[in-house]
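The values are calculated or read from the model by the stated rules, or taken from the named source; none is laboratory data. In this text, all values refer to a predicted model and were calculated from it rather than measured experimentally. When we count neighbours, we look across all protein chains shown, and the Cβ atoms used for this are built from the backbone with ideal geometry, even at glycine. Side chains included, ligands, DNA and RNA excluded: accessible areas come from the protein's heavy atoms. Shrake-Rupley method; radii C 1.70, N 1.55, O 1.52, S 1.80 Å.
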Number of protein chains: 2
Amino acid sequence: MELAMERHLKGESLREGQSLVADPRLPGKCYPAVIDNFILNGPTVDVHAVESFVHHAMEMIMDEAVKKASDVQEKVCEWRSPEQLKELLDLDLRDEGEPESKILQRCRDAIRYSIKTGHRHFFNQLYAGMEPYSMVASFITEAIKTSLYTYEVAPVFTLMEETVLRKMIEMVGWEEGGDGIFNPGGSMSNMYAVNLARYHYCPDIKEDGLVAVQRLVILASQECHYSISKSAALLGIGTKNVYMVPSDSRGKMIPSALEELIKTAKSEGAVPFMVNATAGTTVLGAFDPIEEIADICEKYNLWLHVDACWGGAALMSDRHKHLLKGIHRVNSVAWNPHKMLMVSLQCSAFLVRDKTSLLQRCHSAQASYLFQQDKFYDVSYDTGDKSVQCSRKPDAFKFWLMWKALGTRELEQRVDRALAMARHLAQAIKKREGFTLLMEPEYANVCFWYVPPSMRSLPAGPELWEKLHTVAPVVKERMMKKGSLMVGYQAHHGQPNFFRMVVISPQVSREDLDFVLDEIHSLGKDL
Amino acid sequence: MELAMERHLKGESLREGQSLVADPRLPGKCYPAVIDNFILNGPTVDVHAVESFVHHAMEMIMDEAVKKASDVQEKVCEWRSPEQLKELLDLDLRDEGEPESKILQRCRDAIRYSIKTGHRHFFNQLYAGMEPYSMVASFITEAIKTSLYTYEVAPVFTLMEETVLRKMIEMVGWEEGGDGIFNPGGSMSNMYAVNLARYHYCPDIKEDGLVAVQRLVILASQECHYSISKSAALLGIGTKNVYMVPSDSRGKMIPSALEELIKTAKSEGAVPFMVNATAGTTVLGAFDPIEEIADICEKYNLWLHVDACWGGAALMSDRHKHLLKGIHRVNSVAWNPHKMLMVSLQCSAFLVRDKTSLLQRCHSAQASYLFQQDKFYDVSYDTGDKSVQCSRKPDAFKFWLMWKALGTRELEQRVDRALAMARHLAQAIKKREGFTLLMEPEYANVCFWYVPPSMRSLPAGPELWEKLHTVAPVVKERMMKKGSLMVGYQAHHGQPNFFRMVVISPQVSREDLDFVLDEIHSLGKDL
């Protein structure tokens, strides 16, 4: 029987819709090919059922996720403890599948119990709000399902990435141009900076490793993002070799302290090779003085990287770009359009001023099955070997489409409006009894304490700090259980827990900020 | 005027839809707050216009991307050179935005000129096909827009990741359980393995760096994925310190050669600390003999990592899981459900057998603003500090939803069917004149040469190899320009360029495989 079938393997193919099992009496018709009991003729998937499911799911996403996120009457979150949520979601994966109606219900539940980060009262992270153009672009990249390593398999997205990078490089002010790549998150971009700086200092490390090299030192402010330490750990440099430069009371790196630490490292026989300046620190939104730091880096011949993941958006604004004055002098920049510019997660650019293919040389491994050199097109468009990843998402498209839709001017307006909003919030806080501003905001971070009435008469001192420290966590718990609001809090350099509000989205209005202060008071006034 | 306004800042808030500029004659009404010329009252975004745009875009994605991908009459690709495509796409980003109709057209163009990786005749990568459940899940994660670092901001996805990891760990066979995390790609997972193995060998490296440490050596087969070398470069180990173990003619690591190289490294005074075995090599689909390698790793006390990014899917199959025999003995596994199991890109799991929080200890940086310890819920659910990333996509949800919909049995069936299809293709190739199989497929990779009639009479030897080497690139160029098919090719260890077909999707039938062979012949017969 199997032999008989195999004699027919080269026979006429089945046409779409034709019966799988052909009539053996008819000459020229195709017997089914069977291996391991699988009939291999014809597809096994019902295309129409698939389309119907996707269609219904899209309607549901529209109703449950998109529309509800923009309705301020909806809850920000529907809090459940891990134990409760496990019960509700019926997480177990079983041998048998479930019908589509059940799967649609599961989708609905997943949305319901997820945080509505697009809600106007979500201020918990350095991203927020729903941006329709980049969201649609992200749907397209999911439907297209490709990976950004070769032009061959991602022609459109390769060119869009190049365009967006060039435009961002222009805004940084590198008149000679530069190079870059989008990464899955700003931590990766900062890691790239460390690796490139190291490769620039000593290319042999790529092949030989760190064994024969003197102890390498990175300098960064004490306010820098934790990814600098994570990078030092991962790259074999060691977290102890990240020298933390003191910051001033506003959270800005003190240049003279930087120079002192460079000298210290050298006197220890170590090799400082890179300085990380931060443009928009995570907690305070502080900007390190790039110009003065660049002078020092030039003097000591150090790679200067700016982590502008959060603050880079200010480069879009004529009014605010002075915050990053001097950035055209630096070697590399990390900038996440998924934060202040509201591109869908993730959209993180790493930019480098070098024009000698440093990125490619530092990271390339020249896989022969992917980056063939005998292709019929210009393989300089195969950018994947610049990355330490293999498959990589086409994140730049999300920014490109949004930028096309809004234009540079509207992006600028949004940044300006968000920062105006932060100043308004700071003014409002100063006028409210029981609210104390940590400091005037330099950027979009507004940090403040809420002091409940019972603590307002206490003198400043350890007793008050200790009590105050417990307020934010309780108010946070209450806002989440009520579902009315999400704002982040943290302790910072020995100061008691305070709230950090970040205003990003153009959906947010002054009324929402009033609501935040009212709600915090209402939730915490009995403490 | 500004003072007057500020006196009203605490006044009654505007209700939805109320005029922005309140009547100053009416007491209790709210004046607009203006800062930097921005009126901050009321949102600036027209919610209904947004919803209408998203709705139209979703319809367009359904028609252009989803439906067309499943229509075999459509082209796989609409090839344009980079220069042509730049013209067609009008990439420039301008000051002014564009109307929605224009943006929808841009979306349509982006889809049109992208590769249809969901098409039944796309065989170019180790991913292919459209999987509706994971695609819908990916739409949901985009609409929800969150990051998987804390339970607070991603409760549903945190629990789903835990569930999926536990199930995958079960399939690996670690009866005591283990730990894991989803990463943006298998390269990252392999990098995690190197870092964990190193941390396990010497935890001090995290803080101190590699300065005081002896030269570290990784052992991997010559067929291993290039991410092992990339990891060695990035982690400061050095690419020269990846010792490439010879493979046999089937592409499998030779255990005795591994042991020899371990001895060599030791005799050089270096410290071998990790072996990378590959389950499903990229080109040949070969499986290293895990059981024998595990014996050697136990003998020399080395961390054994299995890169099962491609071959891990066989663990779903009772019939084929013998390919990974011994995997329950290894220390860590990388497994990409986005390959053979067809989950939307990216979905890459890193699994580790350790139960002592090695992943957390190795990668953590304890950021105070994100991983506060005074939260009101069990912070062991805040898994973000296990990652070297900060923001991280909730990729596990895509697998979870698909698994719920299909059940374990259907996943198994799909793997079995794909591997049956590969065997069928190999049989068909052996029967066709002018097609030569490189070797019997062990997995889903079917590697073969197409020999045009003009070369069929040439004796085996350098002249034939040289001519044959040029065939695949030309056929590839022609198939892409015609848009009929995409299959990968490469040279390998001095052999002339050959095609590598990988069969994955249940949409693919035996007729499609016949089409592939017919089409390659038709495109290359004049060469």
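Among A:ARG414, A:ARG510, the order of accessible area from largest down is A:ARG414, A:ARG510, computed with a 1.4 Å probe on protein heavy atoms. From the largest down, the range A:383-527 spans 61, 34, 30 angstrom on the principal axes of its Cα atoms.
The count of lysine pairs in the range B:301-435 with alpha-carbon distances below 19 Å, taking only pairs 8 or more places apart or on different chains, stands at 6. Would you mind computing the Rg to Rh ratio of the range B:131-286 from its alpha-carbon coordinates, Kirkwood style for Rh? Ratio value, two decimals: 1.04. Note on the range B:388-467: Cα-only Rg and Dmax are 20.6, 60 Å.
Rolling a 1.4 Å probe across the protein heavy atoms gives the protein assembly as shown an accessible surface of 34 Å² per residue.
Under Stokes-Einstein, with the Kirkwood radius over Cα pairs as Rh, the value for chain B at 4 °C and 1.567 mPa s is 49 µm²/s. The residue in chain B that lies nearest, by its beta carbon, to the axis linking chain B with chain A is given here with the distance in whole angstrom as B:GLY236, 1. Using C-alpha pairs under 8 Å with a sequence gap of at least 6, the mean separation divided by the residue count of the range A:407-527 gives a relative contact order of 29 percent.
Site pair B:GLU175 and B:GLU83 shows an inter-label distance of 6.6 nm when each label is modelled 7 Å from Cα along Cα→Cβ. Residues whose amide H falls under 5 Å from that of B:ASN497, counting only those 5 or more places apart or on a different chain, are B:HIS469, with hydrogens built in the peptide plane. The interface between chain A and chain B buries about 17300 Å² of solvent-accessible area in total (1.4 Å probe, ligands and nucleic acids excluded). Estimated at the nearest 10 Å², the accessible area of A:TYR133 is 30 Å² with a 1.4 Å probe.
In the context of the full protein assembly, A:SER101 retains an accessible surface of approximately 80 Å², using a probe radius of 1.4 Å and ignoring ligands and nucleic acids. Run the label-point distances for A:LYS240 please: 7 Å along Cα to Cβ, every other copy, nanometres, shortest first. Distances between equivalent label points, in nm: 2.7. Measuring nothing but protein heavy atoms, the accessible surface of the protein assembly as shown at 1.4 Å probe radius is 50 percent carbon and sulfur. Dipole check for the range A:174-251: with +1 at the C-beta of Lys and Arg, -1 at the C-beta of Asp and Glu, and the Cα centre as origin, the magnitude is about 420 Debye. Pairs of Cα atoms under 8 Å, at least six residues apart: use those to get the relative contact order of chain A, whole percent. That works out to 17 percent. Here each label is just a point 7 Å from Cα along the line to Cβ, and for A:ILE39 and A:THR408 those points are 6.2 nm apart. Here the range A:158-206 is treated as a sphere whose radius is the Kirkwood value from Cα pairs; by Stokes-Einstein at 20 °C and 1.002 mPa s it diffuses with a coefficient of 175 µm²/s.
Between the alpha-carbon centres of the range B:322-362 and the range A:393-419 there is a gap of 37 Å. Could you pull out every whole DSSP H run in chain A that spans at least 24 Å of Cα extent along its own axis and averages -0.5 or higher on the Kyte-Doolittle scale? Passing helices, by number: A:155-172, A:396-431. Accessible surface ranking for A:TYR369, B:TYR151, 1.4 angstrom probe, highest first: A:TYR369, B:TYR151.
Amide hydrogen proximity for B:PHE435: with H placed 1.01 Å from N in the peptide plane, the residues at 5 or more positions away or on another chain lying under 5 Å are B:VAL451. Under a 5 Å amide H cut-off, with hydrogens placed 1.01 Å from N, A:GLU98 pairs with B:ALA405, B:LEU406, B:GLY407 among residues at least 5 apart or on other chains.
Going by the alpha-carbon gyration tensor, a ≥ b ≥ c the square roots of its eigenvalues, is the range B:332-420 rounded (a/c under 1.5) or, if a/c is not under 1.5, prolate (a/b greater than b/c) versus oblate? In terms of gyration-tensor shape, prolate.
Ordered from longest to shortest, the equivalent ellipsoid semi-axes for the protein assembly as shown are 49, 34, 27 Å, each the square root of 5 times a Cα gyration tensor eigenvalue.
The 3J(HN,Hα) values that the Karplus relation (6.51, -1.76, 1.60; θ = phi - 60°) gives for the range B:90-98 are, in residue order, 6, 6, 3, 9, 10, 5, 9, x, 10 Hz. Gly and Pro appear as x. Which shape class, rounded, prolate or oblate, goes with the range B:221-374 when its Cα gyration tensor gives a ≥ b ≥ c as root eigenvalues, a/c under 1.5 marks rounded, and past that a/b bigger than b/c marks prolate? The shape class here is oblate.
Note: relative contact order over the range A:271-349, using C-alpha pairs below 8 Å and six or more positions apart, is 30 percent.
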